[in-house]
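Report on the following structure.
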Amino acid sequence: MIRDVTLPGVAAVDSFGNPPSTRTLYPEESALVARAVDRRRNEFGAVRECARSAMAELGFAAAPVLHGPAGEPIWPAELVGSMSHCAGYQVAVLARASEFALVGVDAEPDEPLPEDGMLEMIGCPAERAMIAELTREHRGINWGRLLFSAKESVYKAWYPYARRWLGFEDAVIRIDPWMGTFTARLFSAGPVVAGTELSMLTGRWIARRGLLLTAITMPVPQAGDADTRSPQACSRSSG
């Protein structure tokens, strides 16, 4: 499923189910989940199995995948990547850092957002209007949850370069229901890649098998490729 939303040249590996997989963990990885419940340990191990399969696909030896200060995965220096998991599904996308600048992936159940104001928390008025229109015109997909997933993919792609928190209000998403794509305009100072500050990211999405999957796989930009225009501000006010 993940290969449907990633570019050629990346190693994209996913799996379904949560088989016991802690036997594959490195000691330093095991220490991170030493006090976790079995389900968490199995998910933790299963997504790392995907990551190590992706490493092998790119010709790299298996290596432990630990956490950085913001919970981000730490990859070998020659790689960029992202991981995600939800109940019964795990995915890892890796690429050579010399070829791809940004990688972000997120998986969510295709279920409504909680009713406790979460859409108001993650979406600005323009985004909420977009979700209302998508819900009216394209039934069968939980568009609010897809918005959340797209923002998670943006953050996962953005953070390794920027090393700063990116709030929900700092990226405005537009979802194309026909093409299976989305764009994100960044309000916060974007990551500087190949000497260019990025202010727009693009990604793809898919809804299948009860899941929503979003991914950003952006090649290293060439001179003049990046869009550096400042986006129009988007307030979080409930409007």
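The values are calculated or read from the model by the stated rules, or taken from the named source; none is laboratory data. Keep in mind the model is a prediction, meaning the values are calculated, not measured. Cβ sites come from the backbone with ideal geometry, for glycine too, and all protein chains shown count toward neighbours. What goes into the accessible areas is simple: the full protein's heavy atoms, side chains included, and nothing from ligands, DNA or RNA. Shrake-Rupley method; radii C 1.70, N 1.55, O 1.52, S 1.80 Å.
The table for this structure:
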| quantity | calculated |
| --- | --- |
| Choice from Val192, Val172, Val47 showing the highest fluctuation, given a GNM over the chain with Cα pairs closer than 10 Å | Val192 |
| Mean projection area, nm², convex hull over Cα of the range 23-62 | 2.7 |
| Theoretical ellipticity at 222 nm over the chain - DSSP helices of four or more residues, -39500 (n - 2.57) apiece, nearest 500 | -8500 deg cm²/dmol |
| Fraction of accessible area attributable to carbon and sulfur, the range 1-66 (%, probe 1.4 Å) | 54 |
| Percent breakdown of C-alpha pair distances by 10 Å bin, ordered from the shortest bin, for the chain | 8, 32, 36, 20, 4, 0 |
| Percentage, to the nearest whole number, of Cα pairs in the range 90-131 over 16 Å apart | 60 |
| Most positive-pole-ward Cα, Pro8, Val37, Gly210, against dipole of the chain from beta carbon charges | Val37 |
| Where labels lie 7 Å past Cα in the beta-carbon direction, separation of Ala132 and Arg39 in nm | 3.5 |
| Accessible area per residue in Å² at 1.4 Å probe, computed on the chain | 48 |
| Point-charge dipole on Cβ atoms (K/R +1, D/E -1) for the chain, about Cα centre, debye to 20 | 200 |
